[in-house]
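Single-structure report; data block below.
The values are calculated or read from the model by the stated rules, or taken from the named source; none is laboratory data. These numbers come from a predicted model, not from an experiment. Please note: Cβ atoms are built from the backbone with ideal geometry, for glycine as well, and neighbour counts cover all protein chains shown. These area figures cover heavy atoms from the full protein model, side chains too; ligands, DNA and RNA do not enter into them. Shrake-Rupley method; radii C 1.70, N 1.55, O 1.52, S 1.80 Å.
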Amino acid sequence: MERTGGAAADVWWGPYAAAIARWETLTRPAPRPTDDLGRLNPAFVEWMQGLRAGWVTATPGLGRPAQLTALGNGVVPQQAAWALELLAPPFPRCARCRRR
């Protein structure tokens, strides 16, 4: 089944098809949201958070429950960067530095 674009995407992603397609253009093709048993796919969570493929899911010895726990307790890099930008105080200019 096609995941992005066309009528099949509407069935696969429903009302979220446009958002999924936009995020795919910024990252990579979306993994399946669920596994064969209908459970949440950790690779999909990893993708939604903008992490590299395998950042958590390719960790040796880390099973599905531990992967989901790690992803659920993790920080989304884009949110962390924005928070630092908003919360970090501006650095004063060094009095000894030459002004340009």
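Atom-type composition of the exposed protein surface of region 33-100 places 61 percent of the accessible area on carbon and sulfur (1.4 angstrom probe). The charge dipole of the chain, taken about its Cα centre with unit charges on the Cβ atoms of Lys, Arg (+1), Asp and Glu (-1) only, comes to about 980 debye. Relative to the longest principal axis of the Cα atoms of the chain, helix 64-73 runs at roughly 30 degrees. Placing pseudo-labels 7 Å out from each Cα toward the beta carbon at Thr69 and Cys97 gives an inter-label distance of 4.5 nm. Per-residue extension of 0.36 nm, minus the Cα-Cα distance of Leu40 and Thr27, leaves a gain of 2.7 nm for this segment. Axis of helix 17-26 versus longest Cα principal axis of the chain: the two differ by about 50°, to the nearest ten degrees. In units of the compact-protein estimate 2.2 N^0.38 Å, region 30-75 shows a Cα radius of gyration of 1.03. Set against the 2.2 N^0.38 Å expectation for a compact globular protein, the chain has a Cα radius of gyration ratio of 1.52. With protein chains left intact and a 1.4 Å probe, residues in the chain average 76 Å² of accessible area per residue.
Per residue, the average separation of C-alpha pairs within less than 8 Å and at least 6 apart gives the chain a relative contact order of 14 percent. The candidates Thr25, Thr59, arranged from most to least accessible area with a 1.4 Å probe in the full protein assembly, appear as Thr25, Thr59.
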